[in-house]
Structure formats: structure tokens, C-alpha cells
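These notes concern the structure reproduced below.
The values are calculated or read from the model by the stated rules, or taken from the named source; none is laboratory data. Just so we're clear, the structure is a prediction, and the values are computed from it rather than from any experiment. For neighbour counting, all protein chains shown are included, and Cβ atoms are generated from backbone atoms with ideal geometry for every residue, glycine included. Surface accessibility is based on the protein's heavy atoms, side chains included, excluding ligands, DNA and RNA. Shrake-Rupley method; radii C 1.70, N 1.55, O 1.52, S 1.80 Å.
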Amino acid sequence: PPVSLCPLNTGAATEQDMLCIFGTGDLGRSLGQRLLQTGYRVVYGSRRPQSCGLLPPGTQVHHEAAAQSARLVFICIHRENYDFLETLATQLKGKVLVDVSNNLKKNLYPEANAEYLQRLIPGAQVVKGFNTLSAWALQNGPSDANRQVYLCGNSAEAKQAVADVATKLGFTVLDRGSLSAARELEDFPLQLFPEWRLPMQLTIGLTAFFFIYVVIRDVIYAYVKDNKDISFRIMVSLANKVFPTVSLVMLSLCYLPGVIAAFLQLYRGTKYKRFPDWLDRWMLCRKQLGLVALALASLHVLYTLIIPISKHVLFFVYCDSKIRENKTSPFDTTMAWRTDSYYSMGALGFGLYLLLGITSLPSVSNMLSWREFSFIQSKLGYLTLFVCTFHTYLYGWDMFLRPSYYKWYTLPNYMLSLVVPSAVLVLKLLLLLPCVDRTLTRIRQGWERSDPEHESKKSLLTSGYHTTDTNAL
């Protein structure tokens, strides 16, 4: 059917400040409102003008001739409705068409929507863009989470025209290349927390492993050996063993890839070689690993406060039995030092944890210089890892000397949690050695270690060149 257009402003408009939007859904209306507030003149196009929805007041029905007055046209309709655009091929010839459509799932069609639109209207210049923005983001303006607009297209002039509009709306434009990248852009909104996938997989795997491990050592062991049912401890006491264990391992996994990268640079003698893909992926999700570790540490603090409440009845029963037996326990100064130090290190470690988490927020990190951000996330990060590791060592104290803690010849879970962070701290200390740190600093400043074999070949060629010159003389 013929397309009717609904202009927001019927006054005269030049082709430069007149924009056309095909589609009157939520996204089309929100985009038009933002463009109108920015100073553009906007014309709407709809197949059913009588059901355009809540458009701004003063809207009048116009015909497809209005599309000819707009240099840039936003296509805010689903791919299934693209066919009617063929009837407007003449009016849209030479126009810049911005395809903002998305699909419900990946690989739904053999080609990207923007490529299909370009094939449908070959006389137009199609640009893929604005598809990663929601109607809510357009209504409320750009924020840190959705400030970027991705563009791709075969015409540099067309992309620049769309980029000018996006910049005027307050967005940051990222050019992804030719129209062949349209499928990649259309897949972006379909991704569900892609940067959190690996951290969550690690968290679930480690939590499941340590939970099963603790249940076997504590609950099942007590039932088999002593015929005691202590399964009630699973909800609080055993959970409070799992949370700090996984939290400490996750925190150490934030800094382990940096240590591995440093040793790789030392081994290669240069910073200009790419890291392996697995290490790149690991380093890119360090922020998420740290936030998960902070969440688990917060649960550990909360459960630690709950445990005394659940045990107060047992405590009073124990005290009453001691009073009835007229027995007193001597004060152990060493154990008092150990307990106070253990709690003190725990409180300090959690405070540093919170500091790292707060500075990772975009609203806070954007206010810090690179040196300040690096100091907090690196220097204070390793200090946090050291304090939390020391807190765990104080918890264990002399347990490793007592055979009763090695149930079924297995290590206590706190010992397992110390393996990775202890290794990270030892490797970091090696990197801090003056001779190692000096070499690593030079490499990161651009210095490259020469290949001995390459140098020997170069010296032979140089000596041969000089010998030839001497014989010639």
C-alpha cells in the first residue's frame, strides 16, 4: 500500500535539517522526539497513518513526496515489512537509509537486514546504526552504559552524515567498517552479558566443587564415622566456608593473568607480540571476576554476622554446663592474639575490597587519572590479595599440624583456597626483584631483546660486506 507521512512540523525545511523516520513504534517515536529536541525537523512515514499512535500534537497526514525533502531516512520497522519500500525506490534513490532493525535470534536470515535492504533498494546508501540503543535510552539521553553508537556502511559520506546526527544527539560514534559488518552489529543486542559469561562459569564451577567437597568432608564424614546428623549446618556454616574460599580464588584469578603476561613479555623480550587468545579473553574479564569476588566476600561478612545468632543457644548451654561442673578455662593470650588478628585482617581486607569495587564503577573511574586508577587497581589490589590471604592463614593457624583435620586424607578447604593466591603473590614478588623489574620496565617502554641467532647472522653479513669492500679497494 502507499506510504503516508506524518510531519511533526509542516513549515518549510531544508534537506539538511529535515529527517524522515519510517515506523511509528516505540523506537521511532522516541528517536523522533530526541531529534526534534535537538533541532531537527522530522517527518514520519507509516503504512497506516490512522493508527500512528501518540505522536506529538499538530501531526498532519502527508504523502510520500515528503520523503524527497529528507536526505536521511531512518528505517525503524521490522525486516518482514521491508517489501513495501520497493514501491518507494524512486523517491529513496540517492538517500541515506539508516537501518535500525534487529532480529529475535542469531542467523535467522541468510544475510543481514541492512544487506537485504541495500539489495532491495540499490539506489540508496544503506548505513547500519542506532540498533544497539533502546527507546528508553533515546528518551532519557545517553548514559555511561549506552553512550556508543556503532555504524557500518559502504559509503564514507553516508556514514559521516549519520555520525553527525549521532554526535549531535550526544552519542559517541564507532565506525565498524563496511556493510559486511552489519550482521555483527545486529548480533550485539542478542548477547546476554557476554563479558560475564566466563566469570559466572568459573564462579558456578568453583562454588559447586567446594560445596560438594565441604559437604563430603563435614556432613557425610560425621554421619559415617560418628553417626551424627549435622546436615543443618549446610545452610549457614558450610555456606560460610564456601563463599570466602571461592571469593579468595576469584580475587587471585584477577591478578594471575597480569603476572602470566609479564613473564611472557620477559620470555619473549618484547611487548609487540600478541598474547594468546585465552589470555586476552581472561584479561578482558578481570573487572567482572573482581566484582563477583566482592559479592562473595560480602556474603561471607553477612553470614559471619548470622552464625553467632544461630549458635547463641548452644553457647549458653555450654556455659551452663561449665558452671554446673564448676570448671573454668584459663585465658589463652596466644589464641586471643590470633583471633583478634584474624578478625582485624578480615575487616581490613573487606574494606580494601570495597574500595576496589567502588573505583571500578564508571562514574568513579572516569574521575580518576590513569595513574590514580592504576595505583588503586594494581598496588592496592595486590595489597588486598595479600591481606585476605594472610587473613586465611590466620584462620588456619596450626590446623595443618593436627591430623584430625585431614578427614579421609583430604585437605581442609581453606588450604585449597590458599594455593592460587599464594602462587600469585610469590610470582609477583619475583617480578618485583630489581633485576627483573628493571628489564620488564624497559620492555614495556619499547625496548626489545635482540635474537642472538639474528645478531650473529647480521654480524656475518656485515663482516662479509666489509671484506668485499676491502678487496675492491
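Taking every protein chain into account, the 1.4 Å probe leaves residue 332 with about 80 Å² of accessible area, to the nearest ten.
Model label points for residue 430 and residue 399, set 7 angstrom from Cα along the Cα-to-Cβ axis, are 2.8 nm apart. Taking every alpha-carbon pair under 8 Å whose residues sit at least 6 apart, region 194-449 reaches a relative contact order of 30 percent.
What does the charge count around residue 132 come to, taking other residues whose C-beta lies under 13 Å from its C-beta (Lys +1, Arg +1, Asp -1, Glu -1)?
-1
Of the accessible area of region 334-387, computed with a 1.4 Å probe over protein heavy atoms only, carbon and sulfur atoms account for 71 percent.
What net charge do the residues around residue 412 carry, taking every other residue with its C-beta under 11 Å from that of residue 412, with Lys and Arg at +1 and Asp and Glu at -1? Surrounding charge for residue 412 is +3.
The order of the peptides 421-434, 28-41 by mean Cβ neighbours within 10 Å, most packed first, is 28-41, 421-434. Per residue, the accessible area of region 194-449 comes to 62 Å² when a 1.4 Å probe rolls over the protein heavy atoms.
In order along region 412-426, the Karplus-derived 3J(HN,Hα) couplings, from 6.51 cos²θ - 1.76 cosθ + 1.60 at θ = phi - 60°, round to x, 5, 5, 5, 5, 5, 8, 5, 5, x, 5, 5, 5, 5, 5 Hz, and Gly and Pro are given as x.
Each residue of region 194-449 gets 173 Å³ once the volume of the Cα convex hull is shared out per residue. Overall size of region 153-298 from C-alpha positions, given as principal axis extents largest first: 80, 42, 25 Å. For the listed peptides 259-270, 219-230, a ranking on the average number of other beta carbons within 10 Å per residue, highest first, reads 259-270, 219-230. In this view, the solvent-accessible surface of residue 343, computed with a 1.4 Å probe and all protein chains in place, comes to about 130 Å².
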